[in-house]
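Below is one structure, written out as structure tokens; the observations come after it.
Derivation of every value follows stated rules applied to the coordinates shown; laboratory data play no part. Every value quoted in this text rests on a predicted model; they were computed, and no experiment measured them. Note that each Cβ is placed from the backbone with ideal geometry, even for glycine, and that neighbours are counted across all protein chains shown.
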Amino acid sequence: MDTINEIIRWGAAITFIDIIDFIGTFAFAISGIRLASTKQFDWFGAYVVGAATAIGGGTIRDIMLDVPLFWMHDPFYLICTGLALLWVIIFRKYLIRMHYTFFVFDAVGLALFTVVGIQKTIECGLPLWVGIIMGTMTGAAGGVIRDVLINEVPLIFRKEIYAMACIIGGVVFTVCTLIGLPPLFTHLACGAAVFITRVVAVKYHICLPTLRSEED
Amino acid sequence: MDTINEIIRWGAAITFIDIIDFIGTFAFAISGIRLASTKQFDWFGAYVVGAATAIGGGTIRDIMLDVPLFWMHDPFYLICTGLALLWVIIFRKYLIRMHYTFFVFDAVGLALFTVVGIQKTIECGLPLWVGIIMGTMTGAAGGVIRDVLINEVPLIFRKEIYAMACIIGGVVFTVCTLIGLPPLFTHLACGAAVFITRVVAVKYHICLPTLRSEED
Amino acid sequence: MDTINEIIRWGAAITFIDIIDFIGTFAFAISGIRLASTKQFDWFGAYVVGAATAIGGGTIRDIMLDVPLFWMHDPFYLICTGLALLWVIIFRKYLIRMHYTFFVFDAVGLALFTVVGIQKTIECGLPLWVGIIMGTMTGAAGGVIRDVLINEVPLIFRKEIYAMACIIGGVVFTVCTLIGLPPLFTHLACGAAVFITRVVAVKYHICLPTLRSEED
């Protein structure tokens, strides 16, 4: 009975995570494709920027961890980016009205990608502080690659709390692990911390202090 | 007799591929060095941008496939980049007249690099669709790194058919493989598809549609 | 007796190298953080740019050599970057007066990172010419990543002798190795060559020739 219950719970979890994974990948790709459209990129360029935003962080993580790249064994992520491109081409004029939805989707993706990044890192036998860095990389590095490709100063270095939400989630993950909570709870707490931090930071315009330059 | 014939054919193929490899590497390096010169780079900077253009795509491919970097075991590629730098320094004033020659050389290189990228990927046991991506990366990612280093928006995201030629070549490679054609024919067909697509696209100014932004 | 002497000498060398490592990492991080401050980055962005400058070169080297990333097994480097950020926040107004000190620290770091990069490469069984490239990468690639992240044309491609100092150090390393000098001497000679080249080049404004563009 226990085993059966576990399998059912596991199956349900997989499906749920798959849905979140789709939502997150889709939202990340949309954010890249929309910015590419402001620079008059063609469809190919937009697709590449979308893919870089969606899978760039995880790719850097996997290269740094020296494990096989996650998207090479599952066409899901690149198909998802293709659907995002189609979506932008077709619903271009309505995207602005979907702003809030995509913000929530993006925050959900950020939460999932952070948890996945930390979990994968500790499974490689690396310490938790490396996990926090890799979780943040998984969540936020795609946006940095996106901004480098469209030749802009990376947004997350100047605006709002974005990567910091991943770091706070990572700290929650670390605390939960150190006090011995079960993985499922640890993952949920970490993801919730990322999501809530991100939403609260945007709602109340919470920013990190700007580093003042020497002339100021 | 058969074995001898095969060896002769193989020997001839190697030499032929070496020549194409030189032409392609040289043309890619020249393209990087020329763009570096428009930004007042010094000789070192120009060399680095030339090398990044010539070997950057293959380097990313090898890192992603987790195989030893191709240029570390053969100084050929970096010597070739050095010759390209010398060429630009000496024949600077005549480069504009060699425009057509270098365009053809570049297209030849693009074709070879695509075939090599796909072949190397499937030899790693990865599926053909990853091969198409890695072939395109091998051919086109060097140009993206070049444009990031000179702080410009990557050209191939906005102009003409470039990376799309690699993708079309990759589709031809896939079709040939699936219908069971011999490798030599598959490689030639793939390379020809890349070369012809590129030349035709430039001759008839064929572009992908630009992604319109939300304000348009 | 000999063994004891060796251990003492080795212990002293470790400590000395640790100090230089700290000085170099600190100076590299400071250079990244200061440039980030001119672009109104927040504290997180400044930290990331500082870390990329300090450990980016070694990270690319380790990825290319396919060895575990050096900073993942020792929090020293990221703590050091944090101290550099604190330093800039607190002593912002006095940084300009410390200009000469940081220049010397930076040159010391450049020398050490070059030696470490070459040594690590030949320990991977790669030839010395790859070592020179990896040594230069270790010393100079962090600065390139820094400039890409703040969306500027990489400084080392246009100004003064910087990466060339690493290459000259690498040539000295190669010559010393080929004539069979002991490792300790080889390392010192290589480091000294990098440091002296860098200091002399800045003192006497020695530059590489700029590559003239076709219109000139």
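Observations on the model:
- Using the rule -39500 (n - 2.57) for each DSSP H run of four or more residues, divided by the residues of the protein assembly as shown, the 222 nm mean residue ellipticity is -26000 deg cm²/dmol.
- Across peptide A:149-157, the mean count of Cβ atoms from other chains lying within 10 Å of each residue's own Cβ comes to 6.
- Sites residue A:124 and residue C:17 - FRET efficiency at Förster radius 30 Å, r taken between beta-carbons, to 0.05: 0.60
- Counting only other chain Cβ atoms within 10 Å of each residue's Cβ, the peptide B:57-64 averages 2.
- Under the simplified labelling scheme, the residue A:73-residue A:178 pair shows an inter-label distance of 3.2 nm, with each label point 7 Å from Cα along Cα→Cβ.
- Calculated label separations, residue B:68, copies of the chain, 7 Å along the beta-carbon direction, nm: 2.3, 2.3
- Ordering A:169, C:105, B:60 by Cα displacement along the dipole of the protein assembly as shown toward the positive end leaves C:105 in first place; charges were set at the Cβ atoms of Lys, Arg (+1) and Asp, Glu (-1).
- Evaluating 6.51 cos²θ - 1.76 cosθ + 1.60 at θ = phi - 60° for every residue in the range B:163-173, the Karplus couplings come out as 5, 4, 4, 5, 5, 4, x, x, 5, 4, 4 Hz, glycine and proline recorded as x.
- A viscosity of 1.306 mPa s and a temperature of 10 °C, combined with the Kirkwood radius over Cα pairs in Stokes-Einstein, give a translational diffusion coefficient for the protein assembly as shown of 61 µm²/s.
- Shortest-first nm distances, residue B:91 label point to equivalent points in other copies (7 Å, Cα→Cβ): 5.4, 5.4
- Taking amide H as placed 1.01 Å from N in the peptide plane, residue C:42 has its amide H under 5 Å from the amide H of A:158, A:211, each at least 5 places away in sequence or on another chain.
- Alpha-carbon centroids, the range C:67-101 and the range B:113-175: separation in whole Å: 38
- Take each residue of peptide C:68-77, count the partner chain Cβ atoms within 10 Å of its Cβ, and average: the result is 3.
- GNM remark for chain A: springs join alpha carbons under 10 Å apart, and the peak mean-square fluctuation among A:50, A:125, A:169 falls on A:125.
- Ranked from shortest, the separations from the 7 Å Cα-to-Cβ label point of residue A:207 to its equivalents in the other copies are 3.6, 3.6 nm.
- Ignoring lysines fewer than eight residues from residue B:120 along the same chain, the ones with Cα atoms less than 30 angstrom from its Cα are A:120, B:159, C:120.
- 12 Å beta-carbon shell around residue C:111, net charge (K/R +1, D/E -1): -1
- Projection of the Cα convex hull of the range C:17-203, averaged over all directions and equal to a quarter of that hull's surface, yields 10.2 nm².
- In this simple spin-label model, placing a label point 7 Å from the Cα along the Cα-to-Cβ direction at both residue B:207 and residue C:151 gives a separation of 2.3 nm.
- Once both labels are positioned 7 Å from their Cα atoms along Cα-to-Cβ, the gap between residue A:199 and residue A:104 label points is 0.8 nm.
- Within-14-Å neighbourhood charge of residue C:69 [Cβ basis; K, R +1; D, E -1]: -2
- Packing order of peptides B:101-113, B:132-144, highest average first: B:132-144, B:101-113 (average count of other Cβ atoms within 10 Å over each peptide's residues).
- The phi torsions of the range B:77-92, fed into the Karplus equation with coefficients 6.51, -1.76 and 1.60 and a -60° offset, translate into couplings of 5, 7, 5, 4, 5, x, 5, 5, 5, 4, 4, 5, 5, 7, 9, 2 Hz, rounded to whole numbers, with Gly and Pro shown as x.
- The range C:105-117 - phi-based ³J(HN,Hα) in whole Hz, Karplus 6.51/-1.76/1.60, Gly and Pro as x: 4, 4, 5, 5, x, 4, 5, 4, 4, 5, 4, 4, x
- Lys, Arg +1 and Asp, Glu -1 on Cβ, resulting dipole of chain C about Cα centre, debye, nearest 20: 660
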